Amino acid sequence: MNIKEIKELAKKFTPEQLEMCIDQTLKIGHPTLEGCELSGNVMEILNTLAKAETVRELMEQGMTEVEAIRELARRIRRVQGVEK
């Protein structure tokens, strides 16, 4: 998980813009929104964009950036079965 990329995207774009980048990546293989260009294969790009969208949504709900990233990490661990 590239925290730096996730933080930058979450600060720069709204959840709706990040969703648009995800849609573009699914349709044409890469996002076209300026500033949303990421390196890596399609799955890595989608993974980063989805994480950034989650962080941004949490920040808009009142969490600080650090709290939102910690919550994202908790959710990932929960899904992976590491945390209950």
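The values are calculated or read from the model by the stated rules, or taken from the named source; none is laboratory data. Fair warning: this is a prediction, and the values are worked out from it, not measured in the lab. Virtual Cβ from ideal backbone geometry, glycine too; neighbours counted across all protein chains shown. We work out accessible area using only protein heavy atoms, side chains counted, and drop any ligands, DNA or RNA first. Shrake-Rupley method; radii C 1.70, N 1.55, O 1.52, S 1.80 Å.
Accessible surface calculations at 1.4 Å, restricted to protein heavy atoms, place the chain at 64 Å² per residue. Restricting the GluC sites (Glu not before Pro) of the stretch 11-79 to loop positions (DSSP other than H, G, I, E, B) with no more than 12 neighbouring Cβ atoms within 10 Å leaves Glu34, Glu37. Its alpha carbons considered, the chain gives a radius of gyration followed by a Dmax of 12.6, 39 Å. Leu58 exposes around 10 Å² of accessible area when a 1.4 Å probe is run over every protein chain in place.
Under 1.5 on a/c is rounded, so check that first for the stretch 12-57, then, if it is not, pick prolate when a/b is larger than b/c and oblate when it is not; a ≥ b ≥ c are the square roots of the alpha carbon gyration tensor eigenvalues. Taking the square roots of the gyration eigenvalues as a ≥ b ≥ c, the stretch 12-57 is prolate.
Each of Ile3, Ile69 has its accessible area taken with a 1.4 Å probe; listed largest first, they run Ile3, Ile69. Length gained on full extension, Lys12 to Met43, computed as 0.36 nm times the residue gap minus the Cα-Cα distance: 9.0 nm. Extension gain for Asn2-Glu57 works out to 18.0 nm (0.36 nm per residue, less the C-alpha to C-alpha distance). Taking 0.36 nm per residue of sequence separation and removing the Cα-Cα distance, the Leu33/Ala50 pair yields an extension gain of 4.6 nm.
Share of carbon and sulfur in the accessible area of the chain stands at 51%, probe radius 1.4 Å.
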